1. Using Cα pairs closer than 8 Å and at least 6 residues apart in sequence, work out the relative contact order for the chain, in percent.
2. I want the antiparallel fraction of DSSP beta bridges within region 24-259, as a percent rounded to 5.
3. On a 0 to 90 degree scale, rounded to 10, what angle separates helix 162-173 from the longest Cα axis of the chain?
4. Would you mind checking K200/K225; K228/K262; K79/K208; K198/K228; K200/K262; K88/K262 for any pair whose Cα atoms are more than 19 angstrom apart?
5. Of the candidates G164, G128, G142, which one comes out as most mobile in a Gaussian network treatment of the chain with C-alpha springs shorter than 10 Å?
6. Highest GNM mean-square fluctuation, the chain, Cα pairs closer than 10 Å: which of I42, I32, I93?
7. What is the spin-label model distance, in nm, from S132 to D36 if the labels are put 7 Å beyond Cα along the C-beta direction?
8. Charges only on Cβ, +1 for Lys and Arg, -1 for Asp and Glu: so what's the dipole of the chain about the Cα centre, in debye to the nearest 20?
Amino acid sequence: MKYRSILAFLFVLLFVDVQAQDMSLYEKQWFIQYGDILPYRILLPENYDAAKTYPLIVFLHGRGESGNDNEKQLTHGAKLFLQDSIRKKYPAIVVFPQCSATNYWSNVQAVTSGTKNGKRSFYFVADGEPTSPLRLLMSLVGNLQVRYRIQQKQMYVMGLSMGGMGTFELVRRMPNTFAAAVPICGGAHPATATQLVKTKWWVFHGGKDDVVLPEFSQKMVTALKQQKASVKFTLYPDANHNSWDAAFAEPQLLQWLFQQRKQ
């Protein structure tokens, strides 16, 4: 009897954990405009009420999760918003779009040496047209505001690596939209900081990052401070490129995020 009770208890724990991390709760959708397609996954709050307004979080994945399977973009970050405690405390609409494998969220320039798939060096530009995925994403943000009752003062964007770069650029191209932004191991051209001051920032990077150098975030933080923007910076001295693991574990991250309101 005792053995059966233990097995039953373990089964319940396993069931609860599986339920809490059920990626199928992120519904698969595809945004189509002018024949171009942007795959994305959307998580609605528990007990979603179409008559209520909810905050919106847009999460931009990194280069390794690019494609068109509408799956890989949930690799990093999606579990955070599936935690039962998070869903209850911070009900929000959470969207994970997926960038195509042949493009970037931002119009950053990348140069590789040796082979086309070799180590990349990044060069940020301050102007130019948005990439096709970013242009679709901007339209999707507008579309979501039509289809759902979005709390206009609580729209947020987060992203890591390529998505951290995209976070800076999305805010730049939609400067009156997002109350707060969280770029992790990303970067942008410091000259764009003048267009980012209406949003509050919490920037993260690993001090030993050898994929996207920490100086990219450091330069953006310096530029934002020079423009009197509201910006926090967390540098993890011993972290490499996967500084998102430490960022997701920050106990104040979501509390800080949801406290921000667009002025």
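1. Numbers: 520 pairs, mean separation 42.1, N = 263.
With pairs under 8 Å counted, the relative contact order is 16 percent.
2. Beta bridges within region 24-259, antiparallel portion: roughly 40 percent.
3. Compared with the principal axis, the helix lies near 70 degrees.
4. Too far apart for the 19 Å limit: K79/K208; K88/K262.
5. G128
6. I32
7. Placing both labels 7 Å along Cα→Cβ, they lie 0.7 nm apart.
8. Values: 29 positive and 19 negative charges, 138 e Å.
Computed charge dipole of the chain: roughly 660 debye.
Each value in this text was obtained by applying a stated rule to the coordinates, not by laboratory testing. Note that the coordinates shown come from a computational prediction; the quantities given were computed from them, not determined experimentally. Positions of Cβ are backbone-derived with ideal geometry, glycine not excepted, and every protein chain shown enters the neighbour counts.
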